[in-house]
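The values are calculated or read from the model by the stated rules, or taken from the named source; none is laboratory data. The structure presented is a predicted model; accordingly, all values stated were derived computationally and were not measured. Cβ sites come from the backbone with ideal geometry, for glycine too, and all protein chains shown count toward neighbours.
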Amino acid sequence: MIDLLKTYGLYFLVGQFPQGPLGGLALTILLGLAALLLALPLGILLALARLSRRRLLRWPVTAVIYVVRGTPLLMVIFWAYFFLPVLTGQKTGQVTTMLAALVLFNGAYLAEVVRAGIQGIPRGQTEAARSLGLGYALTLRRIVLPQALRNMLPSLVNQFVTTLKETSLGYIIGLQEVAFIASQVNSQVLVHPVAVYGTLALTFFALCFGLSRVAYALEKRLARRPLELPVLLS
Amino acid sequence: MAQFDFSIVTTGEFRGWLVSGFLLSLRLTCITWILSLPIATAIALCRLSSVAMLRGAGAVFVEGIRNIPLLVHLLFWYFAMPELLPETARTWLYDHGAESICAVIALTFYTSSYMAEDIRSGIRAVPATQLEAARALGFGYLASMRRVVLPQAVRIVVPPLISQTLNLWKNTSITTVIGTAELMYQAQRVETASFRGVETFGVTTLAYLSVSLVITALALWFHHRFPVRAT
Amino acid sequence: MRSTSHLVIAYAFLWIAVAPLARADQLADIKHKGELVCGVLATDEPMSFVDPQTRTIIGYEVDLCKAVARKIGVTATLKQVAVAARIPELQQGRVDILGATLTHTREREAVIAFSLTTFVTGQKVMVRRDSGITTPAQLAGKKVVTVRGGTQEPNIRKAVPTVDVVTFETAPQALVALQQHKAAGFVNDEVSLFDAYSKLGPAQKDYVILPQNISTEVVALGLRKDEPALKAAVDGALRDLETSGEAEKLFFKWFGPGTRLQYQTRAFHIDSDRLAN
């Protein structure tokens, strides 16, 4: 087991870097982080569209969200694979494909989280802001969203955990993330599948469990501190 | 853009492949669901029990499984676990469709851990007074659960469980990595043979969506017909 | 905060302002870029695989790609592709050329073009010795494993119509399945089989590669259709390698007597892109 870690440890952690593209655990974490950071603005936009009073905006967006949530992520990955180059005219790599699929998929899920977060802010906040003369956009930007996002923080961390697990599907398009590398190591070593796949499982467990504990601690902390009054003039 | 010819995938040999994959996906979903529900209920009850060891075991089960991606579960159950079995068990496994069996095992563990959490939340949502009253009337713990608490929890628990069923349906697509010949596997096979990505994946997406929409419609109907009553 | 609106605008630009590339001659594009992006499997020793020590991709096709790039006057960039994704990656333009153990078949000619044949091999089946199987026909009704997305599955089904085939994402993954007794046979081209066999070490006595070919595989570099300039350049580079003797040297470097595979002679020349039938 120690030999295994010594020989393949670096490959497992960073893939071929620097003699090749970044891979392994480093790629998993960076990809997950990038996907979540890009999915958040998309989720906010979709949530706002779903809460909009204009039917023309609400219905198509709701339909898109239902379609994306009803499709397996693997399918979304294959679509990103075929359509992304056509859409952007750019030649896209596996990382970009995976990133696009994750952003779209998580954006649709985050839309619901953000919607719940926004609807959880007391109406009094919006009413007070509007009565002070702040327009729709300003109310949203200065009053509602900052509070909503703060309350959503534990959910966002949990979504990050989910995104990290989702990056493992890159295995199927040959992305050199950590599960793919573990399988390659297993094919070379052959006689220790339990050790190799056990290590892979433990790595994910340590990462995801650790993060979910952070989310839990965040939740506790947010519940303790009273809601701060939003500052209108800064 | 080349002309799209959907008849390639809706007739003939390729259609047969896709249909057999679709049926296997459905079978995997149903079998996993039937196995997961009792396991999930047992785990939920463990986590709510007064025996610390049971609570701990339940927590370990749920946290251990949920924090590992389904893909890794599948790889583990198919490539690692069988090596630990004795020879006769292993040969039996391989002669009887190891790919599907290991897929069901991995999916069952994964789905039941998520369902357990939803069931636990549902049970906790039933006011504690219900359980206390039942115990006061002389019912044992399990009997109180079975006759008083669980029936009330059902209404609260069904919507999240339906959503887990939707996740299960979508998760069957991942079993392609261990060679399970379900819909996604067959779609890849058809795409390789026909060179027609858009048609193949278009039809496959519609197949997945059809069942997803049925499940979602079921959830909406349930919410409409059995709204959660304020107590 | 003004910086937020600037961020939003920059963000929007990131998503919108990517202009589609003008449709120009691919060879000119490559020369302009200064690099030839070569799609390789990196899981198929010795065609292309990852050297665990240096963590770089090396192999016969890797060397061929590098030589072709050198002759065109650019550098070669290697990109790992999955077997099932080879042709889409080429068609989408994510790679310029494929050196991914790609068999030249008539069906594939409809969607991509091929360079001169760079390797000729047969597809064979590796079985466990204790299964008592001596010909592929005896696999009827039994289970075989192979890699997804290649010609292996159609070929074995044609050879043995009642065989049960299970495919995996990579060939090494399928080999693991064979070793775990999950199947009776493992189908792949003979080079990969010989390589896998030689790596088994003491376990070699448990396996045998059936001598019968279930098909002949003519391997070539894959190119996009309707790019005559690039094809001419690649074919020209390959012909130069052949006449200078470098091609033969590469063959013996990866397949010759000093390697695990121990081919004593090279049974083909790099001079044609015609299919036999």
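Just to verify a result, which residue in the range C:140-150, among those that are of a type outside the set (D, E, K, R) and surrounded by fewer than 22 Cβ atoms within 10 Å (Cβ to Cβ), is farthest from the other protein chains (Cβ to nearest Cβ)? Residue satisfying both the conditions and the ranking: C:Ala140. Scanning the range A:182-211 for residues that are within 30 Å of A:Leu149 (Cα to Cα) and surrounded by 18 or more Cβ atoms within 10 Å (Cβ to Cβ) yields a total of 4. The sole residue among A:Leu202, A:Leu190 that is under 15 Å from B:Ala80 (Cβ atoms), free of Cβ contacts under 8 Å to residues at least 24 places away in the same chain, within 14 Å of chain C (Cβ to nearest Cβ) and not β-branched (Val, Ile, Thr) is A:Leu190. Restricted to the range A:165-181, and to residues there that are surrounded by fewer than 24 Cβ atoms within 10 Å (Cβ to Cβ) and more than 17 Å from the chain's Cα centre (by Cα), the residue that is farthest from the other protein chains (Cβ to nearest Cβ) is A:Ile173. Looking at C:Arg94, C:Arg157, just one residue is surrounded by fewer than 24 Cβ atoms within 10 Å (Cβ to Cβ) and more than 14 Å from chain A (Cβ to nearest Cβ), and that residue is C:Arg157.
Would you mind stating whether C:Ala174 is in a helix (DSSP H, G or I), within 12 Å of another protein chain (Cβ to nearest Cβ), in contact with a Leu (Cβ under 6 Å, 6 or more places away or on another chain) and under 25 Å from C:Ala82 (Cα atoms)?
The answer is no for C:Ala174.
The residue that is surrounded by the fewest Cβ atoms within 10 Å (Cβ to Cβ), among those in the range A:1-15 that are outside any loop (DSSP other than H, G, I, E, B), more than 8 Å from chain C (Cβ to nearest Cβ) and aliphatic (A, V, I, L, M), is A:Ile2.
Quick one: in the range A:77-96, of everything that is under 23 Å from B:Glu182 (Cβ atoms) and more than 9 Å from every other protein chain (Cβ to nearest Cβ), which residue is modelled with the highest pLDDT? Checked the range A:77-96; the qualifying residue modelled with the highest pLDDT is A:Ile77. Could you please let me know if B:Val72 is surrounded by 20 or more Cβ atoms within 10 Å (Cβ to Cβ) and within 14 Å of another protein chain (Cβ to nearest Cβ)? Yes, satisfied.
Yes/no per residue for (1) within 19 Å of C:Phe168 (Cβ to Cβ); (2) among the hydrophobic types (A, V, I, L, M, F, W, C); (3) not in a loop (DSSP other than H, G, I, E, B):
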site: B:Leu54; (1), (2), (3): no, yes, yes
site: B:Ala57; (1), (2), (3): no, yes, yes
site: B:Glu63; (1), (2), (3): no, no, yes
site: B:Ile68; (1), (2), (3): no, yes, no
site: B:His73; (1), (2), (3): yes, no, yes
site: B:Pro82; (1), (2), (3): yes, no, yes
site: B:Glu99; (1), (2), (3): yes, no, yes
site: B:Ala106; (1), (2), (3): yes, yes, yes
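Among residues of the range A:205-217 being without any contact (Cβ under 8 Å) to a residue 12 or more places away in the chain and more than 7 Å from chain B (Cβ to nearest Cβ), the one that is nearest to A:Ala179 (Cα to Cα) is A:Ala206.
Look at (1) crowded, with 16+ Cβ neighbours inside 10 Å; (2) free of Cβ contacts under 8 Å to residues at least 12 places away in the same chain; (3) small (Gly, Ala, Ser) and you find that B:Ala143 fails only one, number (1).
Checking each residue in the range A:21-76 for being in a loop (DSSP other than H, G, I, E, B) and either in contact (Cβ under 8 Å) with a residue 24 or more places away in the chain or surrounded by fewer than 17 Cβ atoms within 10 Å (Cβ to Cβ) (or both) picks out A:Pro21, A:Gly23, A:Ser52, A:Arg53, A:Arg54.
Only one of C:Ala137, C:Ala110 is outside the structural domain of C:Val40 (by TED's automatic domain parsing), of a type in the set (A, V, I, L, M, F, W, C) and surrounded by fewer than 16 Cβ atoms within 10 Å (Cβ to Cβ). Can you tell me which?
Residue meeting the stated conditions: C:Ala137.
Taking the criterion of being in contact (Cβ under 8 Å) with a residue 12 or more places away in the chain and under 18 Å from A:Ala49 (Cα atoms), the residues of the range A:119-141 that qualify are A:Gln119, A:Gly120, A:Ile121, A:Thr126, A:Thr139, A:Leu140.
Within the bounds of the range A:85-94, is there any residue that is surrounded by fewer than 18 Cβ atoms within 10 Å (Cβ to Cβ), in contact with a Leu (Cβ under 7 Å, 6 or more places away or on another chain) and more than 30 Å from A:Ala137 (Cα to Cα)? Checked the range A:85-94: at least one residue is surrounded by fewer than 18 Cβ atoms within 10 Å (Cβ to Cβ), in contact with a Leu (Cβ under 7 Å, 6 or more places away or on another chain) and more than 30 Å from A:Ala137 (Cα to Cα). At least 2 residues being within 12 Å of chain A (Cβ to nearest Cβ), among the β-branched types (Val, Ile, Thr) and under 30 Å from A:Ser183 (Cα atoms) is the threshold, and among the helices (runs of 4 or more DSSP H) wholly inside the range B:141-227 those reaching it are B:197-225.
Looking only at residues of the range C:60-84 that are closer than 24 Å to A:Ala182 by Cα and within 11 Å of the chain's Cα centre (by Cα), we find that the one that is farthest from the other protein chains (Cβ to nearest Cβ) is C:Val62. Would you check if C:Val68 is within 30 Å of C:Asn188 (Cα to Cα), touching a strand residue (DSSP E or B) at 6+ places or on another chain (Cβ under 6 Å) and modelled with pLDDT of 90 or more? No, not satisfied.
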